[in-house]
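Everything on this sheet refers to the single structure shown next.
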Amino acid sequence: GYPGRNGGFDFIKKSIKQTIGIFRATQENNSDFSEDKAEMAEHYVVQAVGKLLEISEEMESENLSKATETLFKPGPNGWVTPLVQTLSEMSTTAEQRQSCAALEKSLFQMCNAAESKNIEGMRTAYSSIYSSLYNWAAKTELEGTVHKMLI
């Protein structure tokens, strides 16, 4: 099995969307994080989760060329970089920054594995990507709950 298929990614999406909302609310006076940017951030998260699910299904059916194609469309700069930038911009804790760095490293490991047609390497990278995203989202979820209790 591939992690994230049974609702794990739903948790990640929901949690990160909440974070974007909270972040947006706390950034009211920060014109850098506009509503457009919040929408784009959400788009990148949804896009990445969709891609990762697709890639996991393709790897499961041993379809390496299809998995590679999905990974490289629209190219890492089209979805990997904006995803990492979005999350790092919203990282408020050391743990989140670590998860973000680990996420970026794993995403590029997956790209390298795909280029060298190494499906095992891709699987390993996939698991790391998932756990980094999950850890990032879980940290947020926790702080979000605490945040709600304080209000």
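Here are the numbers for this structure:
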| item | result |
| --- | --- |
| FRET efficiency for ASN112 and ASP10, using Cβ-Cβ distance with R0 set to 30 Å, rounded to 0.05 | 0.55 |
| Cα gyration tensor shape of the chain, rounded if a/c is under 1.5, else prolate or oblate by comparing a/b with b/c | prolate |
| Loop-located GluC sites (Glu not before Pro) in the range 1-55 whose Cβ has at most 13 other Cβ within 10 Å (DSSP) | GLU28 |
| Cβ-based net charge around LEU83, under 10 Å, with every Lys or Arg adding one and every Asp or Glu removing one | 0 |
| In nm, spacing of pseudo-spin labels at SER61 and THR93 (7 Å Cα→C-beta vector) | 3.9 nm |
| With Cα atoms, 0 to 90° folded angle of helix 94-115 axis to the chain main axis | 20 degrees |
| Under 16 Å from LYS66, Cα to Cα: lysines that are on another chain or at least 8 residues apart | LYS51, LYS117 |
| Nearest-ten-degree value, helix 76-89 long axis tilted from longest Cα axis of the chain | 30 degrees |
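Every number in this text was worked out from the coordinates using simple rules, so none of it is lab data. Keep in mind that what you see is a predicted model, and the values were worked out from it rather than measured. Cβ atoms come from the backbone with ideal geometry, glycine included; neighbour counts cover every protein chain shown.
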